[in-house]
1. Can you give the FRET efficiency to the nearest 0.05 for H97 and A16, using r as the Cβ-Cβ distance and R₀ = 22 Å?
2. About the Cα centre, and with charges only on the beta carbon of Lys, Arg (+1) and Asp, Glu (-1), how big is the dipole of the chain? Nearest 20 debye, please.
3. If one computes the Cα centroid of region 106-125 and of region 13-69, what distance in Å separates the two points?
4. What per residue convex hull volume, in Å³, do the alpha-carbon atoms of the chain yield?
5. Where in region 12-98 are there chymotrypsin sites (Phe, Trp or Tyr not before Pro) that are in a DSSP coil and have at most 12 other Cβ atoms within 10 angstrom of their Cβ?
6. Ignoring any ligand, DNA or RNA, what whole percent of the accessible area of region 49-96 comes from carbon and sulfur when the probe is 1.4 angstrom?
7. With a probe of 1.4 Å, find how much accessible area region 73-139 has per residue, and write the answer as a whole number in Å².
8. Before rounding to the nearest 500, sum -39500 (n - 2.57) across all DSSP H runs of length at least 4 in the chain and divide by the residue total; then give [θ] at 222 nm in deg cm²/dmol.
Amino acid sequence: MSRRTKPSPRPTATTACPCGLPAGYRECCGRLHRGELAATTAEQLMRSRYSAFVVGDEPYLLRTWAAATRPPSVDFDLELRWQRLEVLASTEGGAFHTEGTVTFRAHFVHQGEEGVMSERSGFVREDGAWVYRDALELS
């Protein structure tokens, strides 16, 4: 059974964006979450998806997931608190690419224990928009 909850409250205009860039949430990832802007790179999409996990924005996560790999819903762990994001590397994923990868570390606290999730994510363009495809093997 899926553990569901109401999304976390959105950060305010003055709250730092969870993605780690030096901007407030509302002007950074918030614009993507609200549909005012589309990600122009695979890295920007990955950062915005991390922020969507932080704030519990299931519609955005599903909207930016490749149709072939998209789950029916997102299972948010109520005891997990995302702390910070480190982008380690990006390959391709720019304005003139159709695929790209982003390698990152996402730091979290779960039941009082600190942890790190490391992933190399694959991204593709669908109908001109960047979407998350899948997690790739870390090399």
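The values are calculated or read from the model by the stated rules, or taken from the named source; none is laboratory data. On a predicted model such as this, the values are computed, not experimentally measured, just so you know. Here the Cβ is made from the backbone with ideal geometry for all residues, glycine too, and neighbour counts use every protein chain on show. In case anyone asks, the SASA skips ligands and DNA or RNA and just uses the protein heavy atoms, side chains included. Shrake-Rupley method; radii C 1.70, N 1.55, O 1.52, S 1.80 Å.
1. Details: r = 29 Å, r/R0 = 1.32.
Efficiency, rounded to the nearest 0.05: 0.15.
2. Values: 17 positive and 18 negative charges, 94 e Å.
The calculation lands at about 460 debye.
3. 15
4. Details: hull volume 16.8 nm³, N = 139.
Residue-normalised Cα hull volume stands at 121 Å³.
5. Numbers: sites: Y25, Y50, F53, Y60, W65, F76, W82, F96; in loops: F76, F96.
Those satisfying the criteria are F96.
6. Details: 1480 of 2640 Å².
Reported share for carbon and sulfur atoms: 56 percent.
7. Working: 4100 Å² over 67 residues.
Normalised by residue count, the accessible surface of region 73-139 is 61 Å².
8. Values: 3 runs with 25 residues, N = 139.
Theoretical 222 nm ellipticity from helices: -5000 deg cm²/dmol.
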